[in-house]
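Throughout, read-outs are computed from the coordinates displayed, never taken from laboratory work. Here the structure is a predicted model, which means the values were calculated and not measured. In this analysis, Cβ positions are derived from the backbone assuming ideal geometry, glycine residues included, and neighbour counts consider all displayed protein chains.
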Amino acid sequence: MEQKLDIRKTALLLIDLQNGFYHPESAMGKSIGVSDRQKSVPVIEELVQFARKNQLPIFWSQQVHFPEDVNRKNRILKSHAEKQKFLPCLRGSFEVDFFEPFKNLINREDHIIEKHRATLFFDTNLPTKLRMLGVKNLIIAGCNTEFCIAHTIRDAYARDFEIIVIENATDGIDQKLHKNCLEVFHAYFAEVIKLESLNEFFDV
């Protein structure tokens, strides 16, 4: 790259690294399995080390679904949960907690952003915090590619952030949709790269 991104204006967004998506005893684990997502755990751990080394702010999104959500109950058309046949990360359940390997990586100075919908930008204080920290560039990883990550990336792009998606630190529910989304991200919204290529994009 001729012009590189400023590492001092960069943050790491880690999407939904929770038991509901990574633990084999979760509803997702018992329904469709979590082995695909677990493969990315070592890469995400290395990505966090990159962020620590370069003093990047780290944002951990935490999906929380309300069992009594009247908006979901009043839907006429099928929701994503009905189509999947499970609803992960119900409030009060162990699924809301961060998966143990990731939980051990969270520091006091990190930001945990609770969300109730797919995108990390909807009705959260993430946009305010990013502005306060002068963040212009986002590195994104986590799950699930075709839903929460896809919505978050589109919202970030609409807000004019520069976006890098770490392909081998990202996974989805459906591998076909996962791969399709990565292609769409790269075509329109972001650079989609392997973790080992990340240094090439920054002035580090």
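Our note on the geometry: Cα centres of the stretch 50-85 and the stretch 149-204, 18 Å apart.
Hey, which aspartates and glutamates would be in cross-link range of Lys194, C-alpha to C-alpha under 17 Å, not counting anything within fewer than 8 residues on its own chain? Leaving aside aspartates and glutamates fewer than 8 places away in the same chain, those within reach of Lys194 are Asp36, Glu45, Glu46, Glu162, Glu167, Asp171, Glu183.
Subtracting the Cα-Cα distance of Leu177 and Thr128 from their residue separation scaled by 0.36 nm leaves 14.5 nm. Exceeding 31 Å between C-alpha atoms, which entries from my cross-link table qualify? They are Lys85/Lys129; Lys53/Lys176; Lys39/Lys115; Lys78/Lys136. Those over the limit are Lys85/Lys129; Lys53/Lys176; Lys78/Lys136. Placing unit charges on each Cβ (+1 for Lys and Arg, -1 for Asp and Glu) gives the stretch 7-198 a dipole about its Cα centre, and among Ile76, Phe94, Ala51 the Cα reaching farthest toward its positive end belongs to Ile76. Structural descriptor for the stretch 7-198: relative contact order 27 percent, calculated from alpha carbon pairs under 8 angstrom and at least 6 residues apart. What FRET efficiency do you get for Glu114 and Arg52 if R0 is 30 Å and r is their Cβ-Cβ distance, rounded to the nearest 0.05? Step by step, r from the Cβ atoms, then E = 0.85. Taking the average, over residues, of other Cβ atoms within 10 Å as the packing measure, peptides 15-21, 45-51 rank 15-21, 45-51 from highest down. Computed over the Cα atoms of the stretch 108-204, pair by distinct pair, the Kirkwood hydrodynamic radius stands at 14.0 angstrom.
Take every DSSP beta bridge whose two residues both sit in the stretch 7-198; close to 5 percent of them are antiparallel. The residue list Thr152, Leu198, His186 was ranked by how far each Cα lies along the charge dipole of the stretch 83-204 toward its positive end, using unit charges on Cβ atoms, and Thr152 comes out on top.
Helix 175-184 sits at what angle to the longest principal axis of the chain, using alpha carbons and giving 0 to 90 degrees rounded to 10? It works out to around 40 degrees.
Simple point charges give the picture: +1 on the Cβ of Lys and Arg, -1 on the Cβ of Asp and Glu, and for the chain a dipole about the Cα centre of about 540 debye.
Compute the projected area of the convex hull of the Cα atoms of the stretch 7-198, averaged over all viewing directions, and report it in nm² to one decimal place. Walk me through the numbers on the way to the answer.
Numbers: hull surface 42.1 nm².
If I average the Cα hull's projected area over directions, I get 10.5 nm².
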